[in-house]
Each structure stands twice: as structure tokens, then as C-alpha cells.
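Comments concern the structure below.
The values are calculated or read from the model by the stated rules, or taken from the named source; none is laboratory data. Being a predicted model, the structure only gives us computed values, none of them experimental. Glycine gets a Cβ as well: all are built from the backbone with ideal geometry, and neighbour counts include every protein chain shown.
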Ligand code: SF4
Ligand code: SF4
């Protein structure tokens with residue numbers, strides 16, 4: 001399964017995901033919509049902002065439940081930001097809940113963070129690079145590998161706290177232990193797949209809260225339990241960012257570096273740009289793609305408290321252990337702790353300014369003033385969109401400005417060329433706009449109509465009637481005596497009487513021919529009646545003549561019969 005699946009059927013093409021995506025790693029063309037793996041840094045922002053659920057991040061919950069059901073040794077590595085994310089009166093209630101769900105052991109990833117801190121200290125001590133960058137945030141690692149390859153040599157080649165903890169758990173409980181990381185981070189799902197052999201599944205805090213709900217486990221009602229291994233304050237403080245450099249948390253620092261915490265995608269980009277271009281020197285930076293670090297990770301439960309409340313709850317959790325505390329000695333091997341960062345070519349051929357200009361012309365952006373850079377398409381500038389078009393990630397016609405212009409020009413074609421008279425009035429029935437047919441049909445071409453009361457031209461009260469019409473529309477025949485013409489008028493009340501649109505179809509010729517037809521019809525009827533009457537009279541005359549001759553014939557024949565009978569008797 002891909003990191004993010006795009007369900008086309010649910011996408012409404014609002015482009016919000018693309019607007020939020022820091023690397024524009026989503027293709028929207030007429031033929032396809034998909035995440036561009038070569039550009040994606042797995043930050044999950046697109047999925048967070050999709051209102052229709054069209055973007056789905058891989059879910060491991062079923063695999064975790066199956067592992068528990070099958071009786072595997074399932075151990076949780078719980079991100080130390082959890083006390084800020086869930087409603088708890090004691091952090092130990094989460095340990096109880098996870099054990100009820102079937103986890104054999106529950107440990108804080110803070111142990112992994114402490115192991116990583118120890119490894120970092122050695123690297124920083126060695127001063128291996130002009131600038132030094134931490135490697136805890138998988139999204140910032142992906143950003144460097146894809147976009148700031150000159151900065152790779154500055155990244156400490158050490159795995160993240162999650163990965164080191166996963167290896168450490170497997171070393172302690174057996175290599176076949178099923179290790180589940182639980183935290184607010186979506187990028188960790190990708191990291192767990194990329195660095196093989198440490199973490200078997202990643203579920204987010206939001207997924208965990210849904211699981212607890214299904215199991216009807218109310219955290220606040222549970223008795224607290226102890227975590228299965230001790231951790232340090234420094235390890236617990238990782239999700240707040242900057243904890244690496246806090247000397248009050250027992251960190252040894254190399255005085256040759258200036259220690260900073262860089263959080264949020266834009267700050268990360270600008271820091272990495274400065275490092276890549278060798279514009280800065282002597283910085284040791286902890287990088288986090290999420291602003292305010294992992295305590296503000298993307299997949300918190302829906303009812304999680306706000307950021308500052310989360311920070312406050314986390315600080316309480318950190319201070320519940322001794323500042324000078326220690327972890328049990330790590331068992332993870334040096335080989336497992338080391339990782340490499342590989343330049344990942346985006347694979348797109350370079351594009352020159354001439355090619356961009358040609359695409360901009362096809363987009364009907366002929367000059368700089370045509371380039372609105374409105375961002376509605378998802379790209380921050382028309383130039384950036386032109387690059388995406390050149391790579392086949394976007395289509396020319398997906399530009400709101402040009403679609404609007406096209407729609408407007410189609411509207412004006414209809415308005416200007418309609419054979420019907422069209423007028424638009426304001427709420428006081430004053431003319432705002434008329435089309436050429438209105439001028440022609442109402443003989444108004446010589447008058448400057450703007451702001452005229454419509455009553456000066458149309459004597460009928462149809463506009464006033466529309467003001468109170470139930471469905472805001474009236475259609476009826478009207479006769480304008482002043483110009484001796486008949487119209488079929490349709491008037492529509494728009495926005496509760498803010499505007500009125502009148503469309504008048506000239507039916508004078510039709511009405512005239514209809515009257516003529518009525519006249520001919522009635523004349524024809526009269527003529528028909530006269531013919532019928534005449535025919536009836538003739539029929540009656542014929543009938544009476546026939547009656548007379550029949551009687552005479554009858555008399556004659558009777559006489560003849562009598563004569564024959566008389567002669568026969570003699
Ligand atoms: S995960 Fe982040 S980088 Fe990848 S497509 Fe979504 S928003 Fe863009
Ligand atoms: S800052 Fe933390 S939560 Fe955000 S992407 Fe990086 S590791 Fe994940």
C-alpha cells in the first residue's frame with residue numbers, strides 16, 4: 001500500500017490539500033489525481049486538511065489487533081507527548097488502558113530519545129560538519145533527501161528515537177517481538193517502512209482514541225500503572241523541541257556551535273537553504289517540520305486540548321521524574337543506531353524560462369499583471385503552476401481566474417446577442433444594465449438608460465409584483481401601449497429584491513397573426529354554418545318531393561293492381 005491513497009470518488013477538487021502541501025506533491029490533471037512520491041515528504045498535511053476524506057493514510061490498527069489476537073508478544077513504544085493528547089488524571093492510566101487492549105509491555109519512546117541523545121553528543125563533540133542537523137523528524141529528513149541534498153553531509157547519521165527504541169525492544173524481548181509505535185506523527189508510518197526491522201506498526205493518537213472508544217475504555221476511570229522501563233527528563237522533553245540542547249537536562253554541548261531549534265516547514269526550508277548555500281556556519285540545529293514540534297503533531301485525537309494546554313500537561317509529566325535520572329543500559333547495537341541519508345532525485349528535467357513563458361501564454365497570462373498569483377489552484381504563483389504543468393502535474397484549464405474570465409465572456413456573449421430584451425434593475429427598480437436588444441425592441445437606443453426608473457419604459461407593474469411573488473418569479477404577457485408591442489415578460493427577483501432581471505420576448509407578430517387566425521376561424525365557422533343550413537334546406541326539399549312522388553306512385557300502383565285483379569275474376 002502507498003503511504004497515502006487518493007480516493008478519486010471522494011475528491012471535490014477544492015485543491016485545499018495542494019494549497020497546504022509544502023512541496024506541491026499532489027498531481028491534479030484531467031486524467032489523474034495522485035501523490036507524487038518523488039516530491040512527498042510524508043508530513044500528512046494534505047490528509048489533515050481534506051474535508052471529504054479523499055486522502056487516506058495507511059492504517060496499521062487491524063494488523064496490531066491481529067498480532068494481539070494471535071498471541072504475539074506485542075510491545076508499545078508510546079510517544080511522550082501522550083499526556084497532553086488524552087484526558088487523563090494520571091499518565092499511568094494510559095499504561096493500564098494499553099495493557100487492557102493486549103499490549104504485553106508499555107514503554108515510553110523517551111527511552112529511545114535518550115539513547116539517541118547519547119549518540120548525538122558524541123557526534124556533536126566530534127564537530128564532524130560546519131553545521132550540524134538532527135535526524136529525529138522523518139519529514140525533515142525526507143525534505144533534505146529530496147530538496148536540500150547539499151545539506152545531507154550535515155545531518156547526524158543516527159536513527160530516530162522511534163527506530164532506536166524499536167531495535168532496543170527487540171533486543172530485550174526477542175527479535176520476533178511485535179513493536180508498535182504510538183504517537184501523533186504520520187511521517188513515522190513511512191519511516192517505519194523505510195528503516196526495516198525495528199517497528200512493525202505505527203498507530204497515531206487519533207487511531208488509538210478511536211480504538212479506546214470502540215473498546216469502551218474510559219481512561220480517566222482506570223487505575224494508573226507503571227511504565228515498564230525508566231526514562232529521563234531529556235528523553236521525555238523531545239516532543240517540545242529544543243530539549244536536546246538544554247544543559248539543565250544534563251546535555252553535554254560543544255561550545256563551538258550555536259544551538260537552535262528550527263520548527264515549521266518554512267523555517268526548516270529557509271535554514272536548509274542557508275546551509276546548502278554555505279551562507280551560515282557553526283549552527284547545530286534541531287529540525288522539526290511541525291511548528292512547535294511533535295507536541296503539535298498532525299494526528300492528535302479530535303478532542304485533544306489546545307497546544308499550550310498540551311505543552312503545560314507535558315511539562316508536568318516531564319517533571320514527575322528526577323532530573324538526574326538514568327535509563328537502563330541500552331542494548332541496541334552501533335550498527336542499528338547508524339543510518340545513511342541518500343540524495344533522492346526528483347527525476348524531473350530542468351525547465352528554462354522560455355518554456356515557462358510559453359506555458360504562461362497558454363494560460364492566458366500575457367503579462368505580469370495577468371499573473372494574479374491568487375493560489376486558488378493550489379500553487380502559490382502562476383509561475384509555480386506553469387512548472388507543475390510542464391511536469392504533467394497540473395492542467396492549463398485548472399485556473400480559477402481563466403475559468404472565471406471564460407464564464408464571464410460566455411455570459412456576455414449571451415447577454416449581447418440574445419434576441420430578447422434583457423434588463424437588470426437595482427432594488428429601487430432603476431435600470432443598471434440593458435442589452436442591445438432591449439434598446440432596439442423598446443426604441444430606447446437614443447436614451448442613456450442607466451439609473452432610469454423602469455416604469456418610464458414599461459408601464460406594467462410586473463417588477464413590483466415580483467417583489468412579493470412567492471417564488472420570486474413572474475411570467476406573463478404584457479402590452480406596451482407606448483410602442484404598441486406585446487411581450488412575454490419573465491421577471492426574477494434576485495437576493496431578496498436587491499436586483500431584478502427582466503427578460504422580454506417580443507410576441508407582437510405572433511399575437512397579430514393569432515388575432516388574424518381567430519378572425520379567419522370565426523368567418524370560416526360562419527360560412528360553414530351557412531353551407532350546412534343550406535344543405536339541410538335542400539335535403540328537406542328533396543325529401544318532401546320524394547314523399548309526394550312516392551304517394552302518387554303508391555296510388556297509381558294500387559289502381560293498376562285493382563284493375564288486374566278485376567280482369568282475372570271475369
Ligand atoms: S504528505 Fe505532505 S508532502 Fe506529501 S502530499 Fe501530503 S502534504 Fe504534500
Ligand atoms: S515534527 Fe514530530 S510529529 Fe511533526 S513530522 Fe516531525 S517527527 Fe512527526
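Check whether at least one residue in the range 392-414 is over 23 Å from the mean Cα position of the chain (by Cα) and assigned to a loop (DSSP other than H, G, I, E, B), and report yes or no.
No, the range 392-414 contains no residue that is over 23 Å from the mean Cα position of the chain (by Cα) and assigned to a loop (DSSP other than H, G, I, E, B).
Restricted to the range 13-32, and to residues that are under 20 Å from residue 145 (Cβ atoms) and touching a helix residue (DSSP H, G or I) at 6+ places or on another chain (Cβ under 6 Å), which residue is nearest to ligand 1 (Cβ to nearest atom)?
Taking the candidates together, the pick is 21.
With assigned by TED's automatic domain parsing to the domain that holds residue 332, assigned to a helix (DSSP H, G or I) and more than 14 Å from ligand 2 (Cβ to nearest atom) as the only criterion, which of 196, 167, 227 stands out?
Result of the check over 196, 167, 227: 167.
Of the residues in the range 255-279, how many are surrounded by 15 or more Cβ atoms within 10 Å (Cβ to Cβ), more than 16 Å from ligand 1 (Cβ to nearest atom) and assigned to a loop (DSSP other than H, G, I, E, B)?
Matching residues across the range 255-279 total 1.
Scan (1) more than 16 Å from ligand 2 (Cβ to nearest atom); (2) closer than 30 Å to residue 147 by Cα; (3) surrounded by fewer than 21 Cβ atoms within 10 Å (Cβ to Cβ) for the single condition residue 72 breaks and write down its number.
The one condition residue 72 does not meet is (2).
Which residues, counting only those in the range 171-212, are free of Cβ contacts under 8 Å to residues at least 24 places away in the same chain and more than 24 Å from residue 5 (Cβ to Cβ)?
175
So for the range 39-51 (the condition being outside the structural domain of residue 145 (by TED's automatic domain parsing), surrounded by 15 or more Cβ atoms within 10 Å (Cβ to Cβ), farther than 30 Å from residue 101 by Cβ and more than 16 Å from ligand 2 (Cβ to nearest atom)), does at least one residue qualify?
Looking for residues that are outside the structural domain of residue 145 (by TED's automatic domain parsing), surrounded by 15 or more Cβ atoms within 10 Å (Cβ to Cβ), farther than 30 Å from residue 101 by Cβ and more than 16 Å from ligand 2 (Cβ to nearest atom), one finds at least one in the range 39-51, hence yes.
This table checks each residue for (1) in a helix (DSSP H, G or I); (2) at positive phi; (3) in contact with a helix residue (DSSP H, G or I) (Cβ under 7 Å, 6 or more places away or on another chain); (4) in contact (Cβ under 8 Å) with a residue 60 or more places away in the chain.
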site	(1), (2), (3), (4)
120	yes, no, yes, yes
124	yes, no, no, yes
129	no, no, yes, no
140	yes, no, yes, yes
143	yes, no, yes, yes
150	yes, no, yes, yes
153	yes, no, no, no
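Mind checking whether some residue in the range 296-309 is without any contact (Cβ under 8 Å) to a residue 12 or more places away in the chain, under 29 Å from residue 19 (Cβ atoms), more than 14 Å from ligand 2 (Cβ to nearest atom) and not in a helix (DSSP H, G or I)?
yes
Which of the residues spanning the range 183-192 are away from ligand 1 (no atom under 14 Å from the Cβ) and assigned to a helix (DSSP H, G or I)?
If the condition is that a residue be away from ligand 1 (no atom under 14 Å from the Cβ) and assigned to a helix (DSSP H, G or I), then 192 is the only one that fits.
Among strands (runs of 3 or more DSSP E) lying entirely in the range 462-536, which contain 1 or more residues that are in contact with a helix residue (DSSP H, G or I) (Cβ under 8 Å, 6 or more places away or on another chain) and surrounded by fewer than 15 Cβ atoms within 10 Å (Cβ to Cβ)?
So the answer is 473-480.
Could you check, for the range 1-18, whether at least one of its residues is within 16 Å of ligand 2 (Cβ to nearest atom), surrounded by fewer than 20 Cβ atoms within 10 Å (Cβ to Cβ), assigned to a helix (DSSP H, G or I) and not assigned by TED's automatic domain parsing to the domain that holds residue 289?
Checking the range 1-18: not a single residue is within 16 Å of ligand 2 (Cβ to nearest atom), surrounded by fewer than 20 Cβ atoms within 10 Å (Cβ to Cβ), assigned to a helix (DSSP H, G or I) and not assigned by TED's automatic domain parsing to the domain that holds residue 289.
Any idea which of (1) modelled with pLDDT of 85 or more; (2) in a loop (DSSP other than H, G, I, E, B); (3) under 30 Å from residue 16 (Cα atoms) is the one residue 387 doesn't satisfy?
Condition not satisfied by residue 387: (2).
Can you spot a residue in the range 203-222 that is more than 39 Å from the chain's Cα centre (by Cα), in a helix (DSSP H, G or I), assigned by TED's automatic domain parsing to the domain that holds residue 307 and within 28 Å of residue 87 (Cβ to Cβ)?
no
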